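K.L.:
First the structure, which I've put down as structure tokens, then a few questions once you've had a look.
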Amino acid sequence: MSSLVVDIDSKVYGNGTCAISGLHITAKQGEFVAIVGPSGTGKTTLLNIIAGIDKQFIGNMKFGESNTNKNISFMFQDSRLLPWLSVQKNIEIVLDRHDRNSVEKQSRIAELLQKVGLEGIAKSYPNQLSGGMKRRVSMVRAFVNQPQLLLMDEPFQSLDAPTAFELRTMLLELWQETKCTVILVTHSLREALTMADRVVFLSNCPANVILDYDIELPRPRQLEDNTVTLLHTNLLMQYPQILSGSLFSDSLLDKETEQSE
Ligand code: ADP
């Protein structure tokens with residue numbers, strides 16, 4: 001089982017900023033985990049550590065068995081397509097050199113492009129595509145290597161609502177088909193509640209987990225579902241400061257301080 005176990009005692013940048021302290025997160029194989037936390041708390045730092053891009057931290061990070069091959073894909077806020085390469089070449093860039101011309105991979109690319117509604121655009125260049133189309137290409141690129149782990153950093157930000165809806169639906173279909181483990185960083189609690197199996201709430205910087213919440217709503221779910229709205233409201237009523245990185249409201253903190261004095 002390729003489960004993910006992240007134990008970060010501390011992550012301190014060269015300038016002395018401590019971005020993460022005492023953070024523990026796990027994800028089971030195929031689980032969809034959303035990470036929500038205030039801006040500047042350490043979410044991108046965490047994704048970089050999970051991706052293995054940043055190894056300068058104290059702690060442990062384990063995904064699956066150490067002797068097996070692991071495919072990890074990343075999707076970012078922007079599509080990160082190279083403007084001088086065609087759609088096809090932008091996707092092939094993440095393949096091993098010897099895989100690029102394989103019949104299997106070529107048909108996988110064609111199949112994925114068709115799944116995201118982009119058949120016939122393989123020869124186009126990024127500047128000929130809309131913002132939503134570019135993100136769909138980056139989604140194809142994320143899935144072409146059959147990832148076991150998909151890391152997403154606000155991938156649906158700054159898209160109009162119908163485009164974001166389409167992309168979320170496509171992403172969920174590809175996730176259910178490939179059964180990869182997903183870690184989605186989002187600032188939208190509603191998006192997290194619509195898409196994920198669990199939401200992990202982070203504290204203010206340095207980041208640690210303040211609440212690990214199982215979403216028990218049945219799928220499929222939509223952003224505007226009453227059940228999602230109700231859960232969203234209840235969570236914010238129970239923890240009014242949670243999106244600011246605290247489990248306690250100021251008044252509760254005041255009471256606690258008064259009692260301890
Ligand atoms: P988030 O993704 O939650 O907005 P980040 O992980 O980008 O937060 O940043 C967490 C903290 O680490 C912030 O205080 C940020 O200023 C700091 N930080 C991020 N990258 C660097 C870096 N390369 N050097 C120094 N400090 C950094």
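K.L.:
Looking only at the range 130-153, filter to residues that are open to solvent by 20 Å² or more (accessible area, probe 1.4 Å) and not basic (Lys, Arg); which one of those is nearest to Glu31 (Cα to Cα)?
P.N.:
Filtering the range 130-153 for residues open to solvent by 20 Å² or more (accessible area, probe 1.4 Å) gives 130-131, 133-136, 141, 145-146, 148.
Cutting the leftovers down to not basic (Lys, Arg) gives us 130-131, 133, 145-146, 148.
Details: Ser130: 31, Gly131: 28, Met133: 27, Asn145: 18, Gln146: 15, Gln148: 11 Å.
Per the criteria, the residue is Gln148.
K.L.:
Can you go through Thr26, Thr45 and tell me which one is of a type in the set (Ser, Thr, Tyr), part of a helix (DSSP H, G or I) and modelled with pLDDT of 95 or more?
P.N.:
Details: Thr26 fails: part of a helix (DSSP H, G or I).
It is Thr45.
K.L.:
I'd like to check something: does the range 77-95 contain any residue that is within 22 Å of Pro155 (Cα to Cα), within 16 Å of the ligand (Cβ to nearest atom) and not in a loop (DSSP other than H, G, I, E, B)? Spell out how you get there, then give the answer.
P.N.:
Taking the range 77-95 and keeping what is within 22 Å of Pro155 (Cα to Cα), we get 77-83, 85-95.
From the residues that got through so far, the ones that are within 16 Å of the ligand (Cβ to nearest atom) too are 77-78.
From the residues that got through so far, the ones that are not in a loop (DSSP other than H, G, I, E, B) too are none.
No, the range 77-95 contains no residue that is within 22 Å of Pro155 (Cα to Cα), within 16 Å of the ligand (Cβ to nearest atom) and not in a loop (DSSP other than H, G, I, E, B).
K.L.:
Cβ-Cβ below 7 Å, separation at least six or inter-chain, first residue in the range 80-100 and modelled with pLDDT of 95 or more and open to solvent by less than 40 Å² (accessible area, probe 1.4 Å), second of a type in the set (A, V, I, L, M, F, W, C) and not in a loop (DSSP other than H, G, I, E, B): which pairs?
P.N.:
So the pair list comes out as Leu81/Val137; Val87/Val137; Gln88/Ile109; Asn90/Val137; Ile91/Ile109; Ile91/Val137; Ile91/Val140.
K.L.:
Sticking with this one: Pick out the one residue from Ala122, Ala164, Ala110 that is closer than 27 Å to Thr44 by Cα and among the small types (Gly, Ala, Ser).
P.N.:
Values: Ala122 fails: closer than 27 Å to Thr44 by Cα; Ala110 fails: closer than 27 Å to Thr44 by Cα.
After ruling out the rest, the residue left standing is Ala164.
K.L.:
Let me ask something else. If you take the residues of the range 10-27 that are away from the ligand (no atom under 16 Å from the Cβ) and not β-branched (Val, Ile, Thr), which of them is most open to solvent (accessible area, probe 1.4 Å)?
P.N.:
Here is the first cut: in the range 10-27, the ones away from the ligand (no atom under 16 Å from the Cβ) are 24, 26-27.
Those still in the list that are not β-branched (Val, Ile, Thr) too: 24, 27.
On the way: His24: 97, Ala27: 2 Å².
Checking each candidate, the answer is His24.
K.L.:
Quickly run through the range 48-64 and pick out the residues that are assigned to a loop (DSSP other than H, G, I, E, B) and in contact with a helix residue (DSSP H, G or I) (Cβ under 7 Å, 6 or more places away or on another chain). Break it down into steps so the answer makes sense when it comes.
P.N.:
Taking the range 48-64 and keeping what is assigned to a loop (DSSP other than H, G, I, E, B), we get 52-57, 64.
The answer is Asp54, Phe57.
K.L.:
Which pairs do you get when a residue that is touching a residue at least 12 places away in the same chain (Cβ under 8 Å) and in the same structural domain as Gln88 (by TED's automatic domain parsing), found in the range 120-132, comes within reach of a residue that is open to solvent by 80 Å² or more (accessible area, probe 1.4 Å) and hydrophobic (A, V, I, L, M, F, W, C), reach meaning Cβ atoms under 8 angstrom, with the pair 6+ apart or on two chains?
P.N.:
That search, which allows pairs on different chains as well, returns Tyr125/Trp84.
K.L.:
Same structure again: In the range 28-50, which residues are open to solvent by 30 Å² or more (accessible area, probe 1.4 Å) and either in contact (Cβ under 8 Å) with a residue 12 or more places away in the chain or over 15 Å from the mean Cα position of the chain (by Cα) (or both)?
P.N.:
Going through the range 28-50, the residues open to solvent by 30 Å² or more (accessible area, probe 1.4 Å) turn out to be 28-29, 39-40, 44, 48.
Across the range 28-50, the qualifying residues are Lys28, Gln29, Ser39, Gly40, Thr44.
K.L.:
So, one more: Out of curiosity, is Ser3 surrounded by 13 or more Cβ atoms within 10 Å (Cβ to Cβ), of a type in the set (S, T, N, Q), more than 12 Å from Val185 (Cβ to Cβ) and within 16 Å of the ligand (Cβ to nearest atom)?
P.N.:
Values: surrounded by 13 or more Cβ atoms within 10 Å (Cβ to Cβ): yes; of a type in the set (S, T, N, Q): yes; more than 12 Å from Val185 (Cβ to Cβ): yes; within 16 Å of the ligand (Cβ to nearest atom): no.
In short, no.
K.L.:
Which of the residues that make up the range 154-181 are part of a helix (DSSP H, G or I) and open to solvent by less than 40 Å² (accessible area, probe 1.4 Å)? Please lay out each step first, then the result.
P.N.:
Here is the first cut: in the range 154-181, the residues part of a helix (DSSP H, G or I) are 161-178.
The answer is Thr163, Ala164, Leu167, Arg168, Met170, Leu171, Leu172, Leu174, Trp175, Thr178.
K.L.:
Follow-up question, since we're still on this one. It is to be established whether one or more residues within the range 65-76 are farther than 30 Å from Pro220 by Cβ and not in a loop (DSSP other than H, G, I, E, B).
P.N.:
Of all residues in the range 65-76, those farther than 30 Å from Pro220 by Cβ come to 65-69.
Retained after the next criterion (residues that are not in a loop (DSSP other than H, G, I, E, B)): none.
Checking the range 65-76: not a single residue is farther than 30 Å from Pro220 by Cβ and not in a loop (DSSP other than H, G, I, E, B).
The values are calculated or read from the model by the stated rules, or taken from the named source; none is laboratory data. Just so you know, these numbers come straight off a predicted model, no measurement behind them. When we count neighbours, we look across all protein chains shown, and the Cβ atoms used for this are built from the backbone with ideal geometry, even at glycine. The protein model used for the area step is the full one, side chains on, heavy atoms only, and it has no ligands, DNA or RNA in it. Shrake-Rupley method; radii C 1.70, N 1.55, O 1.52, S 1.80 Å.
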